[in-house]
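Peer 1: Can you keep this structure in mind? I'll have questions shortly.
The values are calculated or read from the model by the stated rules, or taken from the named source; none is laboratory data. Quick caveat: nothing in here was measured; it's all calculated off a predicted structure. Methodologically, a virtual Cβ is constructed for each residue, glycine included, from the backbone with ideal geometry; neighbour enumeration extends over all protein chains shown. With ligands, DNA and RNA removed, areas are computed over all heavy atoms of the protein, side chains included. Shrake-Rupley method; radii C 1.70, N 1.55, O 1.52, S 1.80 Å.
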Amino acid sequence: MLFKNRFRHFLLAAATVVAVPAMASQSTAPSDSATIKQIYDNALTSTKSYEDLRYLTKNIGARLSGSPQAAAAVEWGRQVMNKMGLDRVYVQEVMVPHWVRGDKEIGRVLSGQVGSTDVNIAALGSSIGTGESGLTAEVVEVHNFEELEKLGKKKVKGKIVFFNRPFDNTHVQTMAAYSGAVDQRGGGPVAAAKLGAVAVIVRSMANEIQDVPHTGNTRYQDGVEKIPAAAISTKGAELLSKQLKNDPNLKFYMRMTCENLPEVLSYNVIGELKGTEKPDEIIVVGGHLDSWDLGEGAHDDGTGVVQSMEVLRLFKDLGIKPKRTIRAVLYMNEENGLRGGRKYAEEAKAKGENHIAAIESDAGGFTPRGFGMEATPAQIQKALTWKPLLTPYGLHEIGAGHGGADIGPLKGQGTVALIGFKPDSQRYFDYHHTDIDTFETVNRREMQLGAASMASLVYLISQYGL
């Protein structure tokens, strides 16, 4: 999942309460209710999407852009959708970054009081390496950019800056906590480098105290020296912070051999069912095919990928003929560049395509809660008329909110509604961007419920528009 502005609307989504209009829905409730029941029955009794996820995670594995595994995932996605007998399956060329992690990272606290203590770190995506021999320097701890600026060059130059702002766990929605902490991961290296720091360590983006580092992308700025940047596990962050209080002159050793290689040609994978009445009105449902190179990319975003394809499978299997065109898009390079989402929007604009809605699943394969919408008030009101059909399936949270990173570039192209699928968020940041984001952490029924939820909303939009 991309850090940049990812959940800027999440608090609004959580706080928004919109009354369901008194006017009757355009839907014919008995018929629509029966169709939605069929969608859920089929999704919950089929193991197809779960077995697809098993193959993607276990046979292909981690799929960072530019890697052989990412290329294999493209071909896998194309073949899976080809076997569905869709109206069209095709790929869309996109140039992507190619960053490689190199050797397993080493992080070590060197204290004159307690000696040497190893801690778990992981290089942040796009980071440069430290060189083969590694890097050793004193550490200064800060919790925000204001504290860093107050320290100034005199206290920062030649040191490692340790950004240690934790999640605010008073937020019920963990996405809001992530949003309140992730700027230090994205902007930390540039801010520290401007003051002469030699490296950056960032507390992992996680709710819990665990000994697992969470990677994620960072960014550099032209004209500012690039310095190595790593995430440290929350357990390691607590240990480092405690030791710094007792020994402000301690040093930290880090070794990372990551590097940025030349860009690579890759692809978005797209499957399509043509609309029977308004084929020029397009509904997109999608997730991102790439993942970080740690773990298996199960929740981020293997579940979103297979749920999106499952929407098309459900329509085909149940013989539902959509009035509007439905596309499943498997985006490449969401994690460290968003090239796939941008390319899709660029080509849609060049072709003059009319997207009326885009739905993204990129928040894990957990129990469905609802949908967040970046849309006009009228579009949100219309979606709320379908609430009686969706709430029996646990979809209570429908209203203003964040759409998604990959569908974001479509904003401004007509009146497209950007819709983010919202599963329960409590466990997501246990696994997000880690080596424990594996197939075994995904519950089959929770994931299937998510696919059925998305398919039901797509069905209603295909029937009645927005």
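Peer 1: Can you give the accessible area of Ser33 in Å² (nearest 10), computed on protein heavy atoms with a 1.4 Å probe?
Peer 2: So the heavy atoms of Ser33 present about 50 Å² to solvent.
Peer 1: For segment 280-360, what's the relative contact order in percent, using C-alpha pairs closer than 8 Å and at least 6 residues apart?
Peer 2: Details: 113 pairs, mean separation 39.4, N = 81.
Once divided by the residue count of segment 280-360, the mean separation gives 49 percent.
Peer 1: Based on the mean of other Cβ atoms within 10 Å per residue, sort peptides 147-160, 283-296 so the most packed one is first.
Peer 2: Details: 147-160: 14.9, 283-296: 28.1.
By packing density, highest mean first, the sequence is 283-296, 147-160.
Peer 1: While we're looking at this one, here's another question. Roughly speaking, what % of Cα-Cα pairs in segment 27-143 are separated by over 19 Å, rounded to a whole number?
Peer 2: Working: 4795 of 6786 pairs.
Of the Cα pairs, 71 percent sit more than 19 Å apart.
Peer 1: Sticking with this one: Given H placed on each backbone N at 1.01 Å, which residues far from Asn217 in sequence or on other chains put an amide H within less than 5 Å of it?
Peer 2: For Asn217, whose amide H was placed from the backbone, the distant partners under 5 Å are Phe3, Gly125.
Peer 1: Could you calculate the FRET efficiency of His396 with Lys154 from 1/(1 + (r/R0)^6), where r is the beta carbon distance between them and R0 is 45 Å, rounded to 0.05? Before the final figure, lay out the partial values.
Peer 2: Values: r = 54 Å, r/R0 = 1.19.
With a Förster radius of 45 Å, E is 0.25.
Peer 1: What do you get for the angle between helix 145-156 and the principal long axis of the chain? Use alpha-carbon atoms, 0 to 90 degrees, nearest ten.
Peer 2: 30 degrees
Peer 1: Let me ask something additional. Only Lys, Arg, Asp and Glu count, each charged at its Cβ (+1, +1, -1, -1), so figure out the dipole size of the chain about its Cα centre, rounded to 20 debye. List each step's numbers first, then the result.
Peer 2: Working: 52 positive and 53 negative charges, 120 e Å.
For the chain, the charge dipole is close to 580 debye.
Peer 1: Evaluate the Kirkwood expression for the hydrodynamic radius of segment 265-342, namely the inverse of the mean inverse distance over all pairs of different C-alpha atoms, and round to one decimal in Å.
Peer 2: Numbers: mean 1/r = 0.0756 Å⁻¹.
Here the Kirkwood hydrodynamic radius works out to 13.2 Å.
Peer 1: Taking Rh as the Kirkwood radius, which is the inverse of the mean 1/r over Cα pairs, what is the Rg/Rh value for the chain?
Peer 2: Values: Rg = 22.8 Å, Rh = 22.7 Å.
Reported Rg/Rh (Cα atoms, Kirkwood Rh): 1.00.
Peer 1: Going down the list Lys48/Lys351; Lys104/Lys159; Lys154/Lys242; Lys278/Lys422; Lys226/Lys349, which pairs span over 32 Å between their C-alpha atoms?
Peer 2: Numbers: Lys48/Lys351 34 Å; Lys104/Lys159 23 Å; Lys154/Lys242 23 Å; Lys278/Lys422 28 Å; Lys226/Lys349 35 Å.
Flagged as over cut-off: Lys48/Lys351; Lys226/Lys349.
Peer 1: Here is a follow-up. To check my understanding: the extent here is largest minus smallest coordinate of the Cα atoms along each principal axis. What are those three numbers for segment 368-442, in Å, largest first?
Peer 2: That works out to 42, 33, 15 Å along the principal axes.
Peer 1: Multiply the residue gap between Gln79 and Arg444 by 0.36 nm, knock off their C-alpha separation, and tell me the result in nm, one decimal place.
Peer 2: 129.2 nm
Peer 1: Using 0.36 nm per residue, how much length does the chain from Thr276 to Asn354 gain when fully extended, once their Cα-Cα distance is taken away? Before the final figure, lay out each step's value.
Peer 2: Numbers: separation 78, 0.36 × 78 = 28.08 nm, distance 1.56 nm.
Length difference between fully extended and current span is 26.5 nm.
Peer 1: Work out, step by step, the length gained on full extension between Ser116 and Leu44: first 0.36 nm times the residue separation, then minus their alpha carbon distance; give nm to one decimal. Provide the component values of the computation, followed by the final result.
Peer 2: Numbers: separation 72, 0.36 × 72 = 25.92 nm, distance 5.19 nm.
Going from the current span to full extension adds 20.7 nm.
Peer 1: What are the ³J(HN,Hα) couplings of segment 413-422, residue after residue, when phi is run through the Karplus curve with 6.51, -1.76, 1.60 and θ = phi - 60°? Round to Hz, x for glycine and proline.
Peer 2: Karplus values, whole Hz, x for Gly and Pro: 8, x, 10, 4, 8, 9, 10, x, 5, 10.
Peer 1: Another question, if that's okay. In units of 2.2 N^0.38 Å, what is the alpha-carbon radius of gyration of segment 183-232? Can you show the working numbers first?
Peer 2: Details: Rg = 11.4 Å, N = 50, 2.2 N^0.38 = 9.7 Å.
Here the Cα radius of gyration is 1.17 times the empirical estimate.
Peer 1: Mind putting together the pair-distance distribution for segment 293-431? All Cα pairs, 10 Å bins, whole percent per bin, short to long.
Peer 2: All Cα pairs, binned at 10 Å, distribute as 11, 38, 40, 11, 0 percent.
Peer 1: At 7 Å along the Cα-to-beta-carbon direction for both Lys194 and Glu51, put a label point, then send me their distance in nm to one decimal.
Peer 2: Placing both labels 7 Å beyond Cα along the Cβ direction yields 5.5 nm.
Peer 1: Okay, next question. Using the structure shown, list the pairs from Lys387/Lys411; Lys153/Lys245; Lys235/Lys343 with a Cα-Cα distance above 30 Å, or answer none.
Peer 2: From Lys387/Lys411; Lys153/Lys245; Lys235/Lys343, over 30 Å: Lys235/Lys343.
Peer 1: If the viscosity is 0.692 mPa s and the temperature 37 °C, what translational diffusion coefficient in µm²/s does Stokes-Einstein give for segment 209-322 when Rh comes from Kirkwood over Cα pairs?
Peer 2: Values: Rh = 19.3 Å.
Rounded, D is 170 µm²/s.
Peer 1: Okay, next question. Just to confirm my numbers, what's the Cα centroid distance between segment 348-404 and segment 102-122 in Å?
Peer 2: 45 Å
Peer 1: Among 336-347, 303-314, how do they line up from the highest to the lowest mean number of other beta-carbon atoms within 10 Å?
Peer 2: Details: 336-347: 21.7, 303-314: 29.6.
Ranked by mean Cβ neighbours within 10 Å, highest first: 303-314, 336-347.
Peer 1: Sticking with this structure for a sec: On the principal axes of its Cα set, how long, how wide and how thick is segment 81-217? Give whole Å, largest value first.
Peer 2: Extents along the principal axes, in whole Å: 66, 41, 30.
Peer 1: Okay, moving on. Through the Karplus equation 6.51 cos²θ - 1.76 cosθ + 1.60, θ set to phi - 60°, convert the phi angles of segment 322-327 into ³J(HN,Hα) values in whole Hz; use x for Gly and Pro.
Peer 2: Once θ is set to phi - 60°, the couplings for segment 322-327 become x, 6, 10, 5, 10, 10 Hz.
Peer 1: Please work out the FRET efficiency for the pair Ala72 and Lys316, using the Cβ-Cβ distance as r and a Förster radius of 30 Å; give the result to the nearest 0.05.
Peer 2: The calculated FRET efficiency here is 0.75.
Peer 1: Still on this model: Give, in whole angstrom and from largest to smallest, the semi-axes √(5λ) of the equivalent ellipsoid of segment 137-275, with λ running over the eigenvalues of the Cα gyration tensor. Mind showing how you got there, number by number?
Peer 2: Working: eigenvalues 177, 86, 42 Å².
That gives 30, 21, 14 Å for the three semi-axes.
Peer 1: On a C-alpha basis, how far is the centre of segment 280-321 from the centre of segment 408-459 in Å? Whole number, if you could?
Peer 2: Value for the Cα centre distance between the two parts: 9 Å.
Peer 1: Regarding segment 332-405, what whole-number volume in Å³ per residue does the convex hull of its Cα atoms give? Provide the component values of the computation, followed by the final result.
Peer 2: Numbers: hull volume 7.8 nm³, N = 74.
Cα convex hull per residue, to the nearest whole number: 105 Å³.
Peer 1: Right, next: I'd like the distance between the alpha-carbon centres of segment 232-254 and segment 125-159, rounded to an integer number of Å.
Peer 2: 13 Å
Peer 1: Turning to a different aspect of this structure: Compute the normalised compactness of segment 157-203: alpha-carbon radius of gyration over 2.2 N^0.38 Å, N being the residue count. Walk me through the intermediate numbers first.
Peer 2: Numbers: Rg = 12.4 Å, N = 47, 2.2 N^0.38 = 9.5 Å.
Dividing the Cα radius of gyration by 2.2 N^0.38 Å gives 1.31.
Peer 1: Moving to a separate point now. Please sort 216-224, 111-119 by packing, taking for each peptide the average over its residues of neighbouring beta carbons within 10 angstrom, highest first.
Peer 2: Values: 216-224: 16.1, 111-119: 12.6.
The peptides rank, most packed first, as 216-224, 111-119.
Peer 1: 222 nm [θ] for the chain, helices only, -39500 (n - 2.57) per DSSP H run of 4+, per residue, to 500? Spell out each step's value before the answer.
Peer 2: Details: 14 runs with 153 residues, N = 466.
Helix contribution divided over all residues of the chain: -10000 deg cm²/dmol.
Peer 1: Under the definition of Cα pairs under 8 Å and six or more residues apart, what whole-number percent is the relative contact order of the chain? If you can, show how the numbers build up before the last one.
Peer 2: On the way: 1140 pairs, mean separation 108.1, N = 466.
Computed over the chain, the figure is 23 percent.
Peer 1: What ³J(HN,Hα) values, in whole Hz, does the Karplus curve 6.51 cos²θ - 1.76 cosθ + 1.60 give for segment 298-308 when θ = phi - 60°, with x put for Gly and Pro?
Peer 2: 6, 6, 10, 9, x, 5, x, 5, 6, 5, 5
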